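What follows is one structure encoded as structure tokens, with my remarks underneath.
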Amino acid sequence: MMGKAIQDLVGRVMVDRDFLADLVRDPDAVLAGYELTAEERSIIMLALGRGTHDSEEERTHTLEQVMLKRWAT
């Protein structure tokens, strides 16, 4: 069962492109407003690929795909 916080986060990511951009740019600040499990937070951070050479656009696409596959189905 999916928790309310991750439901809210996924829903907002799906409808608010500015919010998604903020999440990709500064995930720690954005995620601070959500009570996520350690696993949920870890999955999101891994999807963002911090430390890789992917562009912001590529990280955004990857994050969307992971969130949709993991929590929106």
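Every number here is computed from the coordinates shown, using simple stated rules; none is lab data. No experiment lies behind these values; they were computed from the predicted model shown. Glycine also receives a Cβ, built like all others from the backbone with ideal geometry; neighbour counts cover every protein chain displayed.
Distance between the 7 Å Cα→Cβ label points at residue 17 and residue 72: 1.4 nm. When all alpha carbon pairs of the stretch 1-61 are counted in 10 Å bins from zero, the resulting P(r) reads 21, 59, 19, 1 %.
Relative to the longest principal axis of the Cα atoms of the chain, helix 56-71 runs at roughly 20 degrees.
Dividing the helix sum by the residues of the chain, where each DSSP H run of 4 or more adds -39500 (n - 2.57), gives a mean residue ellipticity at 222 nm of -21500 deg cm²/dmol. Using a cutoff of 8 angstrom between alpha carbon atoms and counting only pairs six or more residues apart, the relative contact order for the chain works out to 39 percent. Principal-axis analysis of the Cα atoms of the chain puts helix 4-15 at an angle of about 50° to the longest axis.
Would you please give the FRET efficiency between residue 37 and residue 61, computed as 1/(1 + (r/R0)^6) with r the Cβ-Cβ distance and R0 = 22 Å, to the nearest 0.05?
The value I calculate is 0.35.
For the chain, the longest principal axis of the alpha carbon atoms and the long axis of helix 38-48 meet at an angle near 30°.
Gain on full extension, evaluated as 0.36 nm per residue between residue 8 and residue 28 minus their Cα-Cα distance, stands at 5.5 nm.
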